[in-house]
Amino acid sequence: MSVTSVLMPPVAAWYWLAGWVRLPRLLADTARAPRGGGRRPGAVLFDRDGTLVVDVPYNGDPGRVVLMPGAREAVERVRAAGVPTAVVSNQSGVGRGYLRVEQVEAVNRRVEELLGPLGPWLVCVHGPGDGCGCRKPAPGLIQAAAGALGVEARDCVVIGDIGADVEAARAAGARAVLVPTPVTRVEEVVAAPAVAPDLLSAVELVLGASEGRS
């Protein structure tokens with residue numbers, strides 16, 4: 001499998017073609033489907049760390065990549081439904097000097113070795129203080145992913161594990177589903193427009209609602 005990268009002006013995102021703890025009480029109280037769930041998504045955009053794979057901060061080692069529970073089944077479900085996918089990921093370790101772009105690429109290749117092709121990879125390499133338009137919660141990655149897939153941002157659903165994923169989707173006019181992990185703040189769960197206990201459930205929320213009305 002070959003993965004290529006191109007620097008994307010003006011947001012300068014990198015573009016590649018190519019111990020879970022549940023929160024049972026909180027999720028039982030807040031789990032809900034995305035607004036507009038009866039509309040078939042034009043694309044599903046996955047966050048990487050904490051969503052597709054276990055979050056290892058500033059990971060540059062493909063050997064440390066571990067899939068999140070249900071990730072393979074979730075991706076296969078979207079694939080079987082014929083819905084395009086992409087990955088949208090903040091990787092500020094590059095901007096902070098902790099990682100090289102080549103290490104991020106190697107980790108991304110390993111993710112695709114485990115899950116198969118995921119479509120375009122849109123990755124922001126900036127630090128939090130760089131003022132870019134691509135770092136989530138800014139909308140740049142979502143907009144770029146939609147453009148790469150030839151769909152409108154408003155027709156995309158973003159699935160991620162923290163509030164920045166939800167806010168990036170909202171800023172781009174996309175829908176969002178939050179899949180909380182131990183790092184997700186309670187207020188992020190409460191504020192999310194849609195919540196699921198795991199990735200496969202999130203995908204079923206997104207696809208099941210539309211298929212039930214087809």
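Bear in mind these aren't lab numbers, they're just calculated from the coordinates by the rules spelled out. Quantities reported herein were computed from a predicted structural model and do not represent experimental measurements. Don't worry about glycine lacking a Cβ; one is built from the backbone with ideal geometry, like all the others, and counts go over all protein chains shown.
Which log10 I(q)/I(0) values does region 114-214 give at q = 0.10, 0.11, 0.21 Å⁻¹ under the Debye formula, counting every alpha carbon as one identical point scatterer? One equal scatterer on each Cα of region 114-214 leads to -0.28, -0.34, -1.21. For the pair E73 and R39, a Förster radius of 22 Å applied to the C-beta separation gives a FRET efficiency near 0.40, rounded to the nearest 0.05.
Quick one: grab the alpha carbon gyration tensor of region 52-158, order the square roots of its eigenvalues as a ≥ b ≥ c, and give me rounded if a/c is under 1.5, else prolate or oblate depending on whether a/b is larger than b/c. Oblate, because a/c is 1.5 or more while a/b does not exceed b/c.
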